[in-house]
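Before anything else, here's the structure in question.
Here, each number is a calculation from the coordinates, and none is a lab measurement. Bear in mind the structure is a predicted one, so any value in this text is a computation, not a measurement. Note that we place each Cβ from the backbone using ideal geometry, even for glycine, and neighbour counts take in every protein chain shown.
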Amino acid sequence: RPQNVKKLFNLRYSSLRNAVERSLGILKMRFPILKISISFDMSMQVELVKVLCCLHNFI
């Protein structure tokens, strides 16, 4: 168990980061469009990831 607030934060942050990286890795394998550089604005990129997550869960 972490000994102080900073170590607890770092533990939770790294756990969350690992989960996000695994999820993005799965999406990249399933939808290769995520592997290339996309010239959409940031809001469109966010929407694209949301849509692909929905498709992944639906398929």
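If a residue has to be in a helix (DSSP H, G or I), surrounded by fewer than 10 Cβ atoms within 10 Å (Cβ to Cβ) and of a type in the set (Ser, Thr, Tyr) to count, how many in the stretch 16-59 make the cut?
Total meeting the criteria: 1.
In this structure, does Arg1 turn out to be assigned to a loop (DSSP other than H, G, I, E, B) and either surrounded by 11 or more Cβ atoms within 10 Å (Cβ to Cβ) or charged (D, E, K, R) (or both)?
Criteria met by Arg1.
Assess whether Phe9 counts as being aromatic (Phe, Trp, Tyr), free of Cβ contacts under 8 Å to residues at least 60 places away in the same chain and in a helix (DSSP H, G or I).
So Phe9 fits the description; yes.
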